[in-house]
Structures are given as C-alpha cells and as structure tokens.
1. So who's got an amide H within less than 5 Å of the one on residue 227, skipping anything under 5 residues away but keeping other chains? H placed 1.01 Å off N, in plane.
2. Read phi for every residue in segment 107-112 and hand back ³J(HN,Hα) as whole Hz from Karplus 6.51 cos²θ - 1.76 cosθ + 1.60, θ = phi - 60°, with x for Gly and Pro.
3. For segment 126-132, what does the Karplus curve 6.51 cos²θ - 1.76 cosθ + 1.60, with θ = phi - 60°, yield as ³J(HN,Hα) per residue in whole Hz, taken in order and with x for Gly and Pro?
4. If each residue of separation counts as 0.36 nm, what is the full-extension length gain between residue 237 and residue 180 once their alpha-carbon separation is subtracted?
5. If the reach is capped at under 24 angstrom between alpha carbons, list the lysines near residue 49, excluding any in the same chain fewer than eight residues apart.
6. Rounding to the nearest 20 debye, state how big the charge dipole of segment 52-103 is about its Cα centre with +1 on each Lys and Arg Cβ and -1 on each Asp and Glu Cβ.
7. Which whole-Hz couplings ³J(HN,Hα) result when phi for each residue of segment 216-222 is put into the Karplus expression 6.51 cos²θ - 1.76 cosθ + 1.60, θ = phi - 60°, listed in order with x for Gly and Pro?
8. Quick check on segment 50-105: take the gyration tensor over C-alpha atoms, sort the square-rooted eigenvalues as a ≥ b ≥ c, and tell me if it's rounded (a/c under 1.5), prolate or oblate.
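The numbers here are math on the coordinates, done by the rules we state, and not lab data. The structure presented is a predicted model; accordingly, all values stated were derived computationally and were not measured. Virtual Cβ from ideal backbone geometry, glycine too; neighbours counted across all protein chains shown.
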Amino acid sequence: MAIRCRFTNFTKYKFYMRIFFYLLILSIFCSCAGTKTGPDYVFPSKKSKVKYLQSYENSLALWDLAYEEVDVPTSFGSAHVIISGPKNGDPLVLLHGTDASSTMWFPNVKAFAQTHRVYAIDYPLEAGKSVANTHKMSNKQVSKFYKEVFDHFKMKNISVAGVSRGGWVATYIAMQPENNITKLVLLSPARTFSGVKSMGKVASALRLKHFPSRRNSDRFFANFSHNPEGIDAIFQTQLYYAYKYAKSKPRVMKMYRFKKKQLEKLNMPVLVLVGDHDIVNDETMFDKIHDVLPNATTLVVEDAGHFLSIDQRNVVNKIVTDFINKKPIEQLSLPDPAPVTIN
C-alpha cells in the first residue's frame, strides 16, 4: 500500500517560515563575520571586557604622575604601553606579574620616573589593554614581541624590571643578545632560580581563577601580600575582575627553571629582591644566583610578601632607583634597623 503525504497550508507556512528563519540567521552571521576584526583570546564577552577595562581605568587614577598610553603594532598584535618620565631619560621597561597588568606599578612609577623614561607594557595574552592576534606564543615569540616594542621607541641602554612571572620573562629576554639589556631587576621572579616555596598557598591563585569570588580573592591577597589591608581596594577589584572575567593564558610560556649555562648569559648587573614572607621564593636560592652571576646583588626585604613592590613600596623604590642609577647598594640611606638583608 502506498502512503501519500500532503502538505496542508499551515504545514507549508511553518516549513517556509523555518527556511526563512535559518536564512535570516545565516545572513546575520555572514554580515557580522565580514566586519569582525578578529577573535578576542582573553575576554570571552564584550560585556566582561568593558567591566574589566573600567576597573583598569580606575587603577590608572592611582598613577600619581603624568602619563601617556600608546598602542604599538607588533607581529603578534598591539602592545599597550603606559609611558611616564623625562623624554631624555634612559628607558626602564616594567613587566608585571600574572594578570596584574601594568597598573600594578602604581606605587613605584613616580619614583622610577624621576630619572628614567618608564615603559610599562601589558602582556598580550592576559587581562590588560594589549590585544594579541594569536592564541599562543612561544618564548622566542614573546621575546620578539618585546623587541619590536623596544625598536618602536628606539630604546638604547635598557633597564628591565619584572615581578613574579614578569621577572621570569625579563630574565629570558635579557638572555637574548639582540635585546641589549644593560641592567636587570627581578622582584621575586617566579620559577627563575628555584621551585615554588609554598605550593599550597600559591594554589589560592588557581582557586580564585577557577572559582572567582570575593572570599577567594581575600584569601589570595592574604597569601600573596604580607599587608593586604595596605593594597588599594581599587587595584584589588581590578585584579579580582582579571581572574573573574579574563581567560588568560600565562602557561603558554613554559616557565622552566633556567640552567646554569643559560643564566651565565646574563652579563649585565642583576638585582634580585625577595620578601621575608614570600610564598614563592626565599633566600635559599641566593647561593645558586651568586654561583653563576658574579654581577648579582641579592636582598631580602623585611615585612614583605610576594607583592613586595606594594608591601614595602618605599624600600623597594629606593633600592631599585639606586641600582638603576648605579649607586652602591651598600650605601643605601635606609631606616635603622635596615628593612633589608644584604647577601
């Protein structure tokens, strides 16, 4: 028995309306694809990015001196650079910690910019204003990214300061002879000379990343800072939003401990600071540093955690500015008792 199907007028209406609907969606998608500038590899939605960028602007209000913001085109996307200090000053490049962005330097930049032209660069695959055109970068590509920024501003006699992961990056790019780094400042550099001191407390960063909440944010700051109450609430909010809204990719760079042969390439003066309450590093790594880096100066900053550039901003500012201006560390004019241990 043959079965015949016959469309009623209502069935035909639904059928054609469904086809129309699909074509409409397809046309909208194609028109959007034609105007899209490229995927955002950090922020999954425009709404979350807008909210984060507003917090970024709020933190910039803490930048207690004149500055300009420049977006530099590179092979890997645009590099966002915050610039302060005298135009004729030698360049000092600042590399921030994971997800902290360049705004984290607000307690330090005024001191650094007294004598140097300061360039604070946002890392392209983390929360910030730099925009990557790729979802991953190798170590060599990261170095090339910064080299292109150096070349854009025609930098010479470059000093570089990096904190935490930024310290690891600073060390890596200083090893590349084409970057012409003349002084290197490392503020509790992560996994550069040793492993992690307290993995349990460091894991609070992962907990905040995967389970963002104000409670986990408070726990994070309590672990990474020796004086979390002293960190401006505006910046705390920005960093919390970075963990909450951004899908950062700091692990694309394989942060291995550098071997002796690699570290021996650092032929410039090196300053390494760690806090006495640091959960990432401690002074046990200083023996390794002095074994391979005869030009290194190592100091323990008292009453400071991993966020030592914020916890003890005045002490760190004095030490770093004296170092980059070639003043002897041993002659520092610090309070008595001195809040540092010189090794």
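1. Those lying under 5 Å, H to H, from residue 227 are 305.
2. x, 10, 5, 4, 5, 5
3. Rounded to whole hertz, the list is 9, 4, x, 9, 5, 10, 7.
4. Full extension from residue 237 to residue 180 adds 16.9 nm.
5. List returned: 36, 129, 136, 209, 244, 247, 249.
6. Charge dipole, segment 52-103, about its Cα centre: 100 debye, nearest 20.
7. So the Karplus estimates, Gly and Pro as x, are 5, 5, 4, 5, 4, 5, 5 Hz.
8. Details: a/c = 1.69, a/b = 1.15, b/c = 1.47.
Taking the square roots of the gyration eigenvalues as a ≥ b ≥ c, segment 50-105 is oblate.
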